[in-house]
Amino acid sequence: MDDEQASGDAPAEARIAAARGSRNDHTRRHNLSALLTAVHYGGPLTRAQLTRDTGLNRSTIGGLVAELAELGLVLEDAAAETGAVGRPSLIVRPRTDVVALALHPDVDALELGAVAIDGTVLARRRASLEVPPTPADTVAFAWEAAREVAAELGGARVVGIGAAVPGLVDADGATVVDAPHLGWRDVVLGDALGDALGIPATVGNDANMGLRAEWSFGAAKGVDTVVYLNGSASGIGGAALVGGRMLRGGRGYGGEFGHMMIRSDGERCSCGRSGCLETEVNAPRLDAAAHDATALDGYAETLAAAIANLECAFDPDAVLLAGYLGALFDVRRSLVTERVKALAFRPDVEDVVIARAALGGNRLLIGAAERAFAPLLQDPAGIPLVSLA
Ligand SMILES: [Zn+2]
């Protein structure tokens with residue numbers, strides 16, 4: 001906008017050149033984004049693969065890779081010989097010294113990790129807690145742990161910090177509206193973290209970030225419609241990706257699948273209602289049933305009923321089960337699959353993949369880091385990186 005106004009009095013040729021320059025700049029930034037995004041999700045790629053993935057021609061790719069290398073975001077080196085005759089292909093890989101910080105406050109621990117662009121968790125710090133952390137505890141921990149991991153990694157450059165919070169987060173990506181298990185209400189965690197660490201900060205719901213991580217690097221890689229259920233000490237978190245967009249709902253309560261009513265005469269839930277999925281199938285009950293095959297069958301059937309209901313609502317391509325629900329699925333895989341098939345509305349329900357989530361204990365850190373990386377992937381030349389060491 002500024003450029004156009006400034007050239008208002010310029011001769012026609014200069015205006016046209018300026019417009020073309022601005023359009024070229026826009027195209028270049030768009031292409032840098034496409035290339036870094038391809039390397040981010042696809043891992044090390046040859047120029048030929050990049051040509052295929054981005055639809056750009058080889059010479060354009062050469063210039064863009066050089067620019068990304070100059071920005072310190074990628075490296076290019078010779079690929080291992082594959083026995084083929086001809087020039088060895090060059091491999092473009094993301095640099096591992098560009099990291100996002102990821103923070104996960106939970107009822108019994110605080111955890112911070114440094115995650116590289118390729119999704120690798122390079123370093124982490126964890127503090128076990130007797131009582132849930134306050135927002136101030138959380139920020140103080142993040143400040144100290146960030147300096148420790150930065151020192152450990154020596155010279156890493158940081159794009160920002162993402163926090164995965166067990167609760168409802170405002171669409172502003174900064175405010176925790178309600179995290180009942182932590183006892184937090186209307187906490188502007190994003191601003192507090194950003195001010196303390198001096199880097200951009202973003203906050204999201206933990207289940208959404210778990211699904212985002214699995215979509216980027218795990219069991220739902222590249223699948224556009226996914227339902228995700230995670231069983232943890234604080235209940236069952238849910239999330240849904242629908243046609244590539246994370247479900248939010250009108251006020252952000254979408255995806256609270258742990259509170260789907262499964263039995264109207266069931267046990268009372270922390271939410272005040274009765275018979276929610278997370279009171280019917282929870283960690284203490286599963287632990288108690290570890291050697292009781294009939295009880296485990298019952299919990300597996302309840303889980304299957306919940307999945308069948310979610311299939312009616314979302315028509316997903318994949319259903320991912322994490323935490324203790326992933327563990328239950330592992331020991332009752334065929335029972336869950338058969339019951340879902342029997343209960344499903346959709347005729348070709350066997351095409352729906354039901355799977356255990358793949359990223360284990362790294363999932364939330366990777367998902368939170370993904371949010372912190374998003375602006376860099378969008379505009380690789382426009383986002384400054386910060387050295388914390
Ligand atoms: Zn409930």
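For the reader, a short list of remarks on this structure follows.
- Each of T120, I366, P105 was placed along the dipole of the chain (beta-carbon charges, centred on the mean Cα), and the one lying farthest toward the positive end is T120.
- Helical runs (DSSP H, four residues minimum) scored at -39500 (n - 2.57) apiece and divided by the length of the chain put the mean residue ellipticity at 222 nm at -13500 deg cm²/dmol.
- Global form of region 82-222, assessed from the alpha-carbon gyration tensor, a/c cut-off 1.5: prolate
- Separation of alpha-carbon centers, region 226-275 and region 112-150, rounded to whole Å: 27
- Residue among H181, H104, H40 with the largest mean-square fluctuation in a Gaussian network model of the chain, springs linking Cα atoms under 10 Å: H181
- Descending semi-axes in Å of region 221-358, equivalent ellipsoid built from Cα gyration tensor: 22, 18, 14
- For the chain, radius of gyration divided by Kirkwood radius, i.e. Rg to Rh on alpha-carbons: 1.03
- Furthest towards positive pole of dipole, A78, W143, A14, structure part the chain, Cβ charges: A78
- Among 233-241, 298-306, 332-340, the order from most to least packed when residues are scored by Cβ within 10 Å on average: 233-241, 298-306, 332-340
- Selection from A318, M246, F329 lying farthest towards where the dipole of region 221-358 points positive, charges on Cβ: M246
- In this Cβ point-charge picture (+1 for Lys and Arg, -1 for Asp and Glu), the chain has a dipole of about 720 debye about its Cα centre.
- Selected from G55, G218, G210 as most flexible by GNM, with the chain as the system and alpha-carbon contacts under 10 Å: G55
- With every protein chain in place, the chain: carbon and sulfur % of accessible area (1.4 Å): 51
- Each Lys or Arg adds one and each Asp or Glu takes one away; over the other residues whose Cβ falls under 11 Å from the Cβ of L50, this sums to +1.
- Cα convex hull of region 291-389, projected area averaged across orientations, nm²: 9.6
- Residue with peak Gaussian network fluctuation, the chain [Cα springs, cutoff 10 Å], from N309, N230, N57: N57
- Selection of chymotrypsin sites (Phe, Trp or Tyr not before Pro), region 228-263, meeting DSSP coil and at most 14 other Cβ within 10 Å: Y253
- The residues of region 221-358 have, on average, 48 Å² of accessible surface per residue, using a 1.4 Å probe with all protein chains present.
The values are calculated or read from the model by the stated rules, or taken from the named source; none is laboratory data. As the structure is a prediction and not an experimental result, all values here were calculated from the model. So basically every Cβ, Gly included, is an ideal-geometry build from the backbone, and we count neighbours across all protein chains shown. Note: areas computed on protein heavy atoms with side chains; ligands, DNA, RNA excluded. Shrake-Rupley method; radii C 1.70, N 1.55, O 1.52, S 1.80 Å.
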